[in-house]
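A short worksheet on the structure shown next.
Only the coordinates and a few stated rules stand behind these numbers; no lab work does. None of these values were measured; they are calculated from a predicted model. Counting neighbours? That spans all protein chains shown, and the Cβs are built from the backbone with ideal geometry, glycine included.
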Amino acid sequence: MNNVKDYTLLLRAFGDKLRYLRKKQMLTQEELAGMAGFNRSYYSDIENGKRNISFIGISKLAIALNVEMTELLPTKEEYNKLLDLEARHSQETITYIYDSTVERQFRKT
């Protein structure tokens, strides 16, 4: 990991893992946020990969979910899957933009 995009994806992977564990325990965002001592808005930002979280915050979430801290961390495989999805999405976007540009130019002629 050596650029901002990598860290952004890591935050998303962490949030995805957190969401999975929360839903597995049938908790709402508000319930888990309260159990961990966070407000719901802050928790939502973490789960959506928009905010970084401290080691202490991860510890609070692990205690609230009754799991080991390591269970909250995305595995290398989970992170790599997200990288692959991001790469495919980027390629699809590039292809769409290119095709749209070519189509507009074709209509002009």
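One table, with the values for the structure above:
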| read-out | value |
| --- | --- |
| Complete set of residues in the stretch 30-55 that are under 27 Å from N80 (Cα atoms) and surrounded by fewer than 18 Cβ atoms within 10 Å (Cβ to Cβ) | Y42, S44, D45, N48, K50, R51, N52, S54, F55 |
| Residues (without any contact (Cβ under 8 Å) to a residue 24 or more places away in the chain and of a type in the set (K, R)) located in the stretch 6-59 | K23, K24, R40 |
